[in-house]
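Notes for the one structure printed next.
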């Protein structure tokens, strides 16, 4: 089956969603929550940091166009996997770096990539703290979070945080992975 799913947390879901929406072979990106103990959490509940959920994106992609390894390469390039429970000014477990694997193949691929990135000191001497966990219950974020950057490019957070990540993707990876 060519369509696969990856569930990734790398800080604010708006950033990851905005980048993955520009990737060739990505069929859909949905912002959501997983990894916690509260059923059907709200954004406000997740933001207070007590649910255990992470802000994530569910990326559906055509593996005949882009592989899970490629998706992970983009993921590691657009966030800092060496900061525990934070990305920039976003602090809390809801902003953790995490890969929720759907099967043993995804788990093994993610572990191998982390091992290689660590061995090659891609992030210098800082250890990679990206969590690997099996995917449990996943909850879509509220509709106003979907395609947030696309709909709100002038909003302050989008200008200051999301736009630079999109620009980084465009300048470093779009030649290999960007949509035509």
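Each reported figure results from applying straightforward, stated rules to the coordinates on display, with no laboratory input. The shown structure was predicted, so the numbers you read here are calculated from the model rather than taken from an experiment. A quick note on method: Cβ atoms are made from the backbone with ideal geometry, for glycine too, and the neighbour counts reach across all protein chains shown.
Values for this structure:
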read-out: Quarter of Cα convex hull surface for the stretch 39-117, i.e. mean projection, nm²; value: 6.2
read-out: Two-site FRET efficiency, residue 175 against residue 42, from Cβ-Cβ distance with R₀ of 35 Å, rounded to 0.05; value: 0.35
read-out: Value of D in µm² per second that Stokes-Einstein yields for the stretch 84-123, Kirkwood Rh from Cα pairs, at 20 °C (1.002 mPa s); value: 184
read-out: Interatomic Cα distance distribution for the stretch 3-177, bins of 10 angstrom, percent; value: 10, 41, 39, 10, 0
read-out: Compactness relative to 2.2 N^0.38 Å, alpha carbon Rg of the stretch 82-148; value: 1.30
read-out: Of 83, 34, 115, the one that fluctuates the most in a GNM where the chain has Cα springs shorter than 10 Å; value: 115
